[in-house]
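The values are calculated or read from the model by the stated rules, or taken from the named source; none is laboratory data. As the structure is a prediction and not an experimental result, all values here were calculated from the model. Cβ sites come from the backbone with ideal geometry, for glycine too, and all protein chains shown count toward neighbours.
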Amino acid sequence: MPPPRIEIDPSTARALSQRIAVEQKESRLPSVAAGVTRKGALVWADARGTVDGRADGVAADPDTQYRIGSITKTFVAVAVMRLRDEGRVDLDDRVEDHVTGTDFGRVTIAQLLSHASGLQAETDGPWWERTTGGDWSDLTSPSPVQRLRAGRRYHYSNVGYGALGELLARAHGIPWHEVVARDLLAPLGMTRTTTRPDGKAAQGLAVHPFADLLLAEPEHDGGAMAPAGQLWSTVEDLARWAVLLGGDTGDILRPDTLDEMLEPQVVSDLPGQAWTSAHGLGWQVWNHEGTRYAGHGGSMPGFLAGLQVDVESGDGAVWFANSTTGMKPFGRDLVTMLGEREPLEPAPWHSGGSSADAIEIVGIWHWGPAVTIVRAMGDGDLALGVPGEGRGARFRSVGDGSWVGLDGYYAGEPLRVVRDEAGSVSHLDLASFRYTRLPYDPARDIPGGVDDAGWR
């Protein structure tokens, strides 16, 4: 079943519908369909145009299927991360540990997921997006090669996701799309997401650049390259995937695994441009004027698609068009419009309580002469300074009186509470740095000692 609908103000709905109507008209798109999600629900959905681009054709609607192209990769990536969480693969495993017989077997699973493998972008054969694909042996005869040193930089590789699809198939003993259908689509009720068009579906079209003419694009099975862009979906179905990306992972994915997938692994760095986009483990991530977004774009001949979620608020958008080119990535506009017209209320503050271990170390501390404050947070964590600024970071208890860094400079680093002979807190030892209640407190064990003359 699609996510439930909740009501938004009618004026907001009209403004969103106006936005896609303008996009369909100005970008000369045969049809456009889009939806917006909030708090686990599809709060608005609409469509403009016709499925075949004819004025008297069948009108598109939120249940019309469109090919979602590379958004398919996010399903493959989640399925791979589920294998990791089950202990069946490790992200540092080499491809050849699970899929033998290639010339790129030394690259890791993590590098394939994040497009950091350096593997060639496309196949050696004909334009795979417009021709029926063969099986894995066809794709690897001859074997794809690395264009760049693994780990050097971001280099988008459709072939790499073909390899991840083969990895899923060998791990489960069934084709990759059956894994996705069984483990992801069925539990989420995504009955309108399929590998081939099923039921009401838009015709893939190319729009002539200089005339109001249309050309039908071919539809086919990508074979071994299908994991890179085969799936079809609808607004109502893909909205459930946006809800998952917004944090409602249910039994599909551990929340901390989703967080890991959204950590930037490699940036898209173009000469002369400030970078604002990166790639995580299967998901694209963007930093737009300080707001973090995650999702993925998709394109195949005849189709364009997008999914984007505001990571902090969870608001998201999905959008589709049946045109090879022309549609702007306007989903962020839809999310922004919803947020500006109907801002989310902040969660009310309340006393969350703090452990005795945390309360004992809150307050002012000094790293040398630098002053910082340790605060107990309502969720049981500690905040050193301002997380995200300088060396500010959050810490979580590991249960033995010690803490571990969650982000920033101290991510993964230990914070140890050192006590004196009386059992009182003497100082904090953070990744070898010494924090004391007074600047360079001479009564504490300061590495390198404290000048006998003291402050003068």
### Query
Within segment 366-384, how many residues turn out to be touching a His at 6+ places or on another chain (Cβ under 9 Å) and exposed (fewer than 13 other Cβ atoms within 10 Å of the Cβ)?
1
### Query
Right, Ala305: in contact (Cβ under 8 Å) with a residue 24 or more places away in the chain and in a strand (DSSP E or B) or not?
yes
### Task
State which residue is nearest to Gln308 (Cα to Cα) when the search covers only segment 1-59 and only residues that are among the basic types (Lys, Arg) and without any contact (Cβ under 8 Å) to a residue 24 or more places away in the chain.
Arg14
### Message
I need a count of the residues in segment 357-398 that are assigned to a strand (DSSP E or B) and within 22 Å of Ser424 (Cβ to Cβ).
### Response
15
### Task
Can you work out which of the residues in segment 37-83 that are in contact with a helix residue (DSSP H, G or I) (Cβ under 8 Å, 6 or more places away or on another chain) and of a type in the set (D, E, K, R) is farthest from Met337 (Cα to Cα)?
Arg82
### Query
Can we say Thr72 is of a type outside the set (D, E, K, R), assigned to a helix (DSSP H, G or I) and either at pLDDT 95 or above or over 26 Å from Val207 (Cβ atoms) (or both)?
yes
### Query
Of Val76, Val99, which residue is closer than 30 Å to Val159 by Cβ, in contact with a Phe, Trp or Tyr (Cβ under 7 Å, 6 or more places away or on another chain), buried (at least 18 other Cβ atoms within 10 Å of the Cβ) and not aromatic (Phe, Trp, Tyr)?
Val76
#### Entry: For Lys328: the one exception among (1) farther than 14 Å from Ile20 by Cα; (2) under 22 Å from the mean Cα position of the chain (by Cα); (3) in contact (Cβ under 8 Å) with a residue 24 or more places away in the chain
(1)
